[in-house]
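**Student:** Sending over a structure as structure tokens; questions will come in a sec.
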Amino acid sequence: METQTAGPATAAKVRRATTESPLVRWALIATGMLFIALVLVLPLISVFMEALSGGFATFFQAVGNADTWQAVRLTLLVAAIAVPLNVVFGLAAAWAVAKFDFRGKSLLVTLIDLPFSVSPVISGLIYVLLYGANGWFGPALKELDIKIIFNVTGLVLATVFVTFPFVARELIPLMQEQGRDEEEAAISLGASGWRTFWYVTLPNVAWGLLYGVLLCNARAMGEFGAVSVVSGHIRGLTNTMPLHVEILYNEYDFVGAFAVASLLAGLAIVTLVAKSLLEWRYGDRLAGGRKH
Amino acid sequence: MTALATSLSGGFKRPSVLPGFGLTLGFAVAYLSIIVLLPLSALVLRPATLGISGFLGVLMDSRVLAALRLSFGAAFIAAVVNAFFGLIVAWVLVRYDFPFKRIVDALVDLPFALPTAVAGISLATIYAPNGWVGSLFKPLGIEIAFTPLGVLVALIFIGLPFVVRSLQPVLQDLDKEVEEAAVSLGASRWQTFRLVILPAILPALLTGFALAFARAVGEYGSVIFIAGNMPLVSEIAPLLIVIKLEQFDYAGAAAIGVIMLAASFLILLLINLVQRWSRRHEEH
């Protein structure tokens with residue numbers, strides 16, 4: 001812009017004056033990258049190095065272990081229940097909040113974000129207080145012979161809680177940005193509510209929904225603190241992958257622990273790559289803050 | 001029809017031609033109540049069974065006090081470290097070009113994506129006395145893993161993205177012309193940063209700091225492997241909740257939980273105030 005009002009020489013001077021000298025610039029880049037390397041890159045690399053420290057044969061032996069497969073299956077099962085539940089909730093909440101004006105709306109949006117500010121351990125604790133042996137509903141559940149804590153149901157509840165806001169907080173701002181005109185047009189042209197949702201709203205929010213599901217799923221499969229509290233660590237029954245990592249590590253089976261951990265780290269890398277691709281290619285179709 | 005709807009809802013909702021309000025709001029509120037509100041109310045009400053003296057008795061226990069002090073203290077220091085280095089990282093990512101910038105940018109979110117238990121065992125291995133980084137510090141007589149310093153390392157790991165992601169959009173939207181004006185009025189680059197840029201990004205920096213702090217206070221998975229978990233020394237408050245639960249001391253666990261929950265709500269409130277204040281600041 002300055003090139004239009006002033007000569008190229010002045011422009012260069014201003015540009016130089018609004019950035020740092022090369023020395024400062026490279027010092028800042030070096031400091032930032034060294035910090036990233038120490039805090040983020042090194043731990044990630046070390047997971048794979050430790051997992052393969054005994055060679056590939058030991059790695060595959062650890063991964064192929066029956067307990068490990070139980071843990072993988074349970075992790076997939078919990079995520080397969082928790083994520084769709086939160087998707088349905090996210091769509092319903094976003095439809096109500098973005099397409100209508102009603103009293104108490106901002107309170108509802110605040111409450112949806114609540115689980116993000118709760119410690120993982122507390123996220124598990126609250127379900128023990130409700131459904132545990134000494135919990136509010138504990139005695140009643142015992143009489144009915146229903147087990148929630150130390151059972152898969154408890155794992156699902158705790159996982160639903162910690163991943164509760166992901167889809168909704170992605171969809172609400174996105175649908176608010178998109179407004180109501182298209183839906184109102186579809187309805188006034190005679191489309192039913194479901195038809196409008198399937199053919200107008202859903203295609204508009206598809207990428208945002210995928211983005212929310214991606215983050216929700218990563219957290220659902222990786223959650224440790226909350227599920228640790230409700231699980232009881234019963235091998236082969238309530239042991240998800242992150243919990244299995246802990247058990248192996250505490251048994252000094254470091255190669256085994258890091259082998260399972262490397263599977264989870266692989267999931268994290270896939271999530272980050274997919275998330276970045278979504279931001280780069282479809283940034284304009286995600287909620288405002290995600291544009292890159 | 002719409003008049004009937006308005007009179008039925010008593011002005012609770014503005015009339016609309018779109019359907020599904022009752023269904024979606026009803027489902028959302030019911031789901032929210034079952035998953036979030038009911039369980040959280042159990043947490044708030046449970047310590048009431050202890051009475052005030054019993055509640056204070058749990059919190060005044062020296063082991064509980066030490067754990068709370070460690071959790072809040074280490075979280076605060078970690079947030080300060082992250083505010084400083086996070087600002088540098090956000091700054092170079094927004095302002096400069098360098099190799100692998102996009103990869104580094106994507107990598108900043110790693111602590112959000114990497115399961116905390118994985119981060120925990122990995123950090124414990126690296127920062128142990130015989131680990132990649134720990135062995136560098138050992139000759140200096142500094143042990144990181146299995147001491148409170150280890151807690152700090154884990155909390156720095158999980159807090160970094162909050163600061164960077166809070167700052168990036170604000171740095172991006174910063175008006176270059178204001179900086180040009182400062183330069184043409186004779187300000188040095190450092191003066192421009194201190195007097196022009198820093199005040200503009202301060203609300204975002206504070207928000208990132210508070211988010212990192214709030215997350216770190218409650219962090220569990222990445223900490224317990226590297227902390228060593230010595231009572232009174234390197235035992236964090238969330239771990240003490242787990243220990244009390246294992247002893248079936250539900251009320252005691254809930255008492256610690258309530259204190260931590262109250263603290264994180266206070267932080268959330270502060271963030272809202274900072275953001276409201278900065279928004280009003282911008283309008284003028």
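The values are calculated or read from the model by the stated rules, or taken from the named source; none is laboratory data. For clarity, every value in this text was computed on a predicted model and none was experimentally measured. Positions of Cβ are backbone-derived with ideal geometry, glycine not excepted, and every protein chain shown enters the neighbour counts. Side chains are part of the model used for accessible areas, which takes the heavy atoms of the whole protein and leaves out ligands, DNA and RNA. Shrake-Rupley method; radii C 1.70, N 1.55, O 1.52, S 1.80 Å.
**Student:** Just to check your reading of the model, which residue among A:Glu279, A:Glu223, A:Glu251 is among the charged types (D, E, K, R) and within 24 Å of A:Pro115 (Cα to Cα)?
**Tutor:** After ruling out the rest, the residue left standing is A:Glu223.
**Student:** Also, quick follow-up: What is the number of the single condition among (1) more than 10 Å from chain A (Cβ to nearest Cβ); (2) not in a helix (DSSP H, G or I) that B:Ala48 does not meet?
**Tutor:** (2)
**Student:** Among the residues of the stretch B:202-211, are any under 24 Å from B:Leu269 (Cβ atoms), of a type in the set (Gly, Ala, Ser), touching a residue at least 12 places away in the same chain (Cβ under 8 Å) and open to solvent by 20 Å² or more (accessible area, probe 1.4 Å)?
**Tutor:** no
**Student:** Can you tell me which residue within the stretch B:89-103, out of those that are open to solvent by less than 20 Å² (accessible area, probe 1.4 Å) and facing another protein chain (nearest Cβ under 7 Å), is farthest from B:Val223 (Cα to Cα)?
**Tutor:** If we take residues in the stretch B:89-103 being open to solvent by less than 20 Å² (accessible area, probe 1.4 Å) and facing another protein chain (nearest Cβ under 7 Å), then B:Tyr96 is farthest from B:Val223 (Cα to Cα).
**Student:** Next question, about the same structure. List every residue pair whose Cβ atoms sit under 7 Å apart, with the two residues 6 or more apart in sequence or on different chains, where the first one lies in the stretch B:120-147 and is more than 21 Å from B:Ser71 (Cα to Cα) and the second, anywhere, is assigned to a loop (DSSP other than H, G, I, E, B) and of a type in the set (D, E, K, R).
**Tutor:** If the second residue must be assigned to a loop (DSSP other than H, G, I, E, B) and of a type in the set (D, E, K, R), the pairs left are B:Pro129/B:Glu143.
**Student:** Among the residues of the stretch B:112-158, how many are of a type in the set (Ser, Thr, Tyr) and assigned to a loop (DSSP other than H, G, I, E, B)?
**Tutor:** Total satisfying the criteria: 2.
**Student:** Another question, then. Among (1) within 11 Å of chain A (Cβ to nearest Cβ); (2) open to solvent by less than 10 Å² (accessible area, probe 1.4 Å), there is one condition B:Tyr127 misses while meeting the rest; what is its number?
**Tutor:** Single failed check for B:Tyr127: (2).
**Student:** State whether one or more residues within the stretch A:161-171 are open to solvent by less than 20 Å² (accessible area, probe 1.4 Å) and at the interface with chain B (Cβ under 7 Å from one of its Cβ atoms).
**Tutor:** Yes.
**Student:** Still on this structure, please answer the following. Could you say whether any residue in the stretch A:55-68 is under 20 Å from B:Gly120 (Cα atoms) and not in a helix (DSSP H, G or I)?
**Tutor:** So far as the stretch A:55-68 goes, no, none of its residues is under 20 Å from B:Gly120 (Cα atoms) and not in a helix (DSSP H, G or I).
**Student:** Restricting to the stretch B:104-121, what's the tally of residues that are more than 7 Å from chain A (Cβ to nearest Cβ) and open to solvent by 10 Å² or more (accessible area, probe 1.4 Å)?
**Tutor:** 2
Residue-by-condition table, conditions (1) more than 11 Å from chain B (Cβ to nearest Cβ); (2) surrounded by fewer than 17 Cβ atoms within 10 Å (Cβ to Cβ):
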position	(1), (2)
A:Pro203	yes, yes
A:Leu209	yes, no
A:Thr240	no, no
A:Val260	no, no
